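The values are calculated or read from the model by the stated rules, or taken from the named source; none is laboratory data. Everything quoted here is computed from the prediction, not taken from an experiment. When we count neighbours, we look across all protein chains shown, and the Cβ atoms used for this are built from the backbone with ideal geometry, even at glycine. Surface accessibility is based on the protein's heavy atoms, side chains included, excluding ligands, DNA and RNA. Shrake-Rupley method; radii C 1.70, N 1.55, O 1.52, S 1.80 Å.
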Amino acid sequence: MSLSRFSYIILSLIVFVSCSNKHPKEYVDTLTELGWEKEIPDSVFVLFTSVNQCSPCEQEIEEWNSKYANSNKVILIVNEKYVSNFENYLTANSIKLFSIQDEKGLFRKRELIPFLPYKILIYDDKVIDLGELGKD
């Protein structure tokens, strides 16, 4: 077996294993633990950020905000320890998305997302990784 074929098999196995253990219930339970009280729709985009992100990430959040403000189709999770910083971030950026403060970084601690900023789609019984915010 050539090295490239071996590498391809290992990479495929890693991707399969990392995607196969994600279940929407883990995400919904964590959202509930953070204070989400609404019913999760059949499909919802979840955006993860912190108050200090890169310009392309902020631009993408602005686009989501302009299209889905006050909608239950997008949830913004802000990884921030202090309430005042969280509230200032939302106010300074005129964010009208449903937003939740993740003061303990639960999504990262539970390895539900690989890094910040990140985005996922919870759809039916699946979690689809959409990758880094601010990247195409």
In region 83-136, how many are in contact with a helix residue (DSSP H, G or I) (Cβ under 9 Å, 6 or more places away or on another chain), open to solvent by 80 Å² or more (accessible area, probe 1.4 Å) and hydroxyl-bearing (Ser, Thr, Tyr)? 1
Can you find even one residue in region 20-35 that is of a type in the set (Gly, Ala, Ser), modelled with pLDDT of 90 or more and either within 24 Å of ASP124 (Cα to Cα) or open to solvent by less than 40 Å² (accessible area, probe 1.4 Å) (or both)? yes
Under the condition of being modelled with pLDDT under 95 and more than 16 Å from the chain's Cα centre (by Cα), which residue from region 94-136 is nearest to SER66 (Cα to Cα)? ASP124
Filtering region 113-129 down to residues that are of a type outside the set (Phe, Trp, Tyr) and in a strand (DSSP E or B) yields LYS119, ILE120, LEU121, ILE122, LYS126, VAL127, ILE128, ASP129
